[in-house]
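All remarks here apply to the structure that follows.
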Amino acid sequence: LMGLALLDLYQTTADAQWLDAARVTAEYVVSQMLGSAGGTGAVAAAEFLHRLSRLGNDVSWLESGRELLRSVSEQPLPREDAVQLARLGCVLETFASGYVELVISGPPDALASRQLHAAALAAYQPGKLVMLDRYGRFPQSADAALRVCTLAGCLPPIADPAQLPAVLSTLEPVSEFP
């Protein structure tokens, strides 16, 4: 759960120190959990690794998360542990239903960038990941822009935060599994 909290901090503040701390946490989680018998902690760890793979732009964490889910599926969960069974269902849905990235590019301290960031955080969208474009995925300019991306690709950038709900309403689900 610490890793998920670090990713929440990163998404909320856009401060790279939280993403770096999440990566360190993930290295520890993977070293301790992969190859073990799974267990209930593996479900939360898989969710964490899934989000980290998207926010950190590194698919190796996604594969580690899948391995953890496989280890959980090989172990019977007690029927009395309804919370863990429900969490497992939610995490499996997260892996199966794909994700939506809301990527803000432009000067991070500019008013327009902050407004787009706030709109992205406020928008309802299952599987949503909000991030600033720190990796140079998109051309940088003096003008802030928000791109909505899925596994199917990215939509044209928008500059007006009020447009985001309409754009999100047009998305079709895309699964990460074949």
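Kindly establish whether Ala82 is aliphatic (A, V, I, L, M) and in contact (Cβ under 8 Å) with a residue 24 or more places away in the chain.
On the way: aliphatic (A, V, I, L, M): yes; in contact (Cβ under 8 Å) with a residue 24 or more places away in the chain: no.
Spelling it out, it is not the case that Ala82 is aliphatic (A, V, I, L, M) and in contact (Cβ under 8 Å) with a residue 24 or more places away in the chain.
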TODO: Residue by residue through the range 125-152, note down the ones that are more than 16 Å from the chain's Cα centre (by Cα) and not in a loop (DSSP other than H, G, I, E, B).
DONE: Ala145, Leu146
- [ ] Please find, among Gly127, Gly89, Gly106, Gly136, the residue that is out of contact with any Cys (no Cβ under 6 Å at 6 or more places or on another chain), open to solvent by 10 Å² or more (accessible area, probe 1.4 Å) and either hydroxyl-bearing (Ser, Thr, Tyr) or farther than 26 Å from Thr25 by Cα (or both).
- [x] Gly106
- [ ] Can you tell me which residue within the range 62-86, out of those that are open to solvent by 80 Å² or more (accessible area, probe 1.4 Å) and farther than 14 Å from Ala42 by Cβ, is modelled with the lowest pLDDT?
- [x] Glu80
TODO: Output the residue which, of all residues in the range 1-49 that are at pLDDT 90 or above and of a type in the set (S, T, N, Q), is surrounded by the fewest Cβ atoms within 10 Å (Cβ to Cβ).
DONE: Gln17
TODO: Kindly provide the set of residues from the range 153-178 that are part of a loop (DSSP other than H, G, I, E, B) and at pLDDT below 90, ordered by number.
DONE: Ser169, Thr170, Leu171, Glu172, Pro173, Val174, Ser175, Glu176, Phe177, Pro178
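The values are calculated or read from the model by the stated rules, or taken from the named source; none is laboratory data. Owing to the predicted nature of the structure, the values given are computational and were not obtained by experimental measurement. Using ideal geometry, Cβ is built from the backbone for each residue, glycine included, and neighbour counts are taken over all protein chains shown. Ligands, DNA and RNA are stripped out before the accessible areas are found, and what is left, the full protein with its side chains, is counted by its heavy atoms. Shrake-Rupley method; radii C 1.70, N 1.55, O 1.52, S 1.80 Å.
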